[in-house]
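Any read-out appearing in this document is the output of simple, stated calculations on the displayed coordinates, not a laboratory observation. The structure displayed is predicted, hence computed values, not measured ones. Every residue, glycine as well, gets a Cβ built from its backbone with ideal geometry; the counts of neighbours run over all protein chains shown.
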Amino acid sequence: MLPFLETIAVSEGHYLNLPYHNKRYKATLLRFFNSIPEHSLADLLPTPPKSNELMRCRVTYNLDQFKVEFLQYVTKEINTLQCINDNNITYDYKYNDRTQLNLLLSQRGLSDEILIIKNNLVTDLSIANIIFQTGYRIVTPNQPLLLGTSLLRMIDEGIVYPIQIGQSDLKKLEGWQPINAMRPFNMSNWRSMDTIYPAPEDVKNL
């Protein structure tokens, strides 16, 4: 299994947000192989298939190997979150091995997804970053497990502001939505904070 992964949205035959995926690709190679390639992702990617449906380009790679797959994107409904505490999890690069995340996801119970709490701070879902609505601002945890490409673009554009968000701060926020390469921001797609459920071990403290 190739160790690293990029998931790139393809719409109407065009790669989306490619500069940010390329930036992460090069940063990963520098961190693990002490190498900055002269080529970019665009140089390695084939012309994507033209389709009226949103497609997912799955790229796995290491320094010398590169594999590309095009998959029809099937939306997974994410409307409820189960908070899960894990102070030891790390996922600071986009690894192909998601064993730790999948083990946490298996604890979601009847919820659609999990919201990972690390050292009492809100981080990410298992497959996405998260943003919150609070008054006139849109905010996101300033200590995500992995800063995704779509979220980073929104931060650079001044749409989203990173702040420290403790688990106890969730009750002060007004709405949430998941963000990743396949799930763009939608101003009319906020979920209620009532759909985020506390970790079982925290219920007794509420």
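Some notes on this structure:
- Most mobile of T90, T80, T47 in a GNM of the chain (Cα contacts under 10 Å): T47
- Net lengthening on full extension, D112/N17 (0.36 nm per residue, minus Cα-Cα): 31.5 nm
- Applying a threshold of 27 Å to the alpha-carbon distances of K23/K67; K26/K171; K76/K118; K94/K172; K118/K171; K26/K76 flags K26/K171; K94/K172; K26/K76 as lying beyond it.
- Residue-averaged 222 nm ellipticity for the chain, from DSSP H runs of 4+ at -39500 (n - 2.57), nearest 500: -5000 deg cm²/dmol
- Net +/- balance of residues flanking R191 in space, Cβ distance below 13 Å, scoring K and R +1, D and E -1: -4
- Karplus (6.51, -1.76, 1.60) ³J(HN,Hα), θ = phi - 60°, over region 54-70, in Hz, Gly and Pro reported as x: 5, 10, 10, 9, 9, 10, 10, 7, 9, 5, 10, 10, 8, 10, 10, 10, 10
- Under the combined filter of DSSP loop state and at most 15 neighbouring Cβ atoms within 10 Å, region 14-52 retains these trypsin sites (Lys or Arg not before Pro): K50.
- Of the chymotrypsin sites (Phe, Trp or Tyr not before Pro) in region 131-206, those whose Cβ has at most 11 other Cβ within 10 Å and which sit in DSSP loop: Y136
- When all alpha carbon pairs of region 4-72 are counted in 10 Å bins from zero, the resulting P(r) reads 20, 54, 21, 4 %.
- Qualifying GluC sites (Glu not before Pro) for region 101-184 [loop in DSSP, other Cβ within 10 Å: at most 15]: E157, E174
- Relative to the longest principal axis of the Cα atoms of the chain, the long axis of helix 18-33 makes an angle of roughly 90 degrees.
- Kirkwood hydrodynamic radius computed over the chain comes to 18.0 Å, based on all pairs of distinct alpha carbons.
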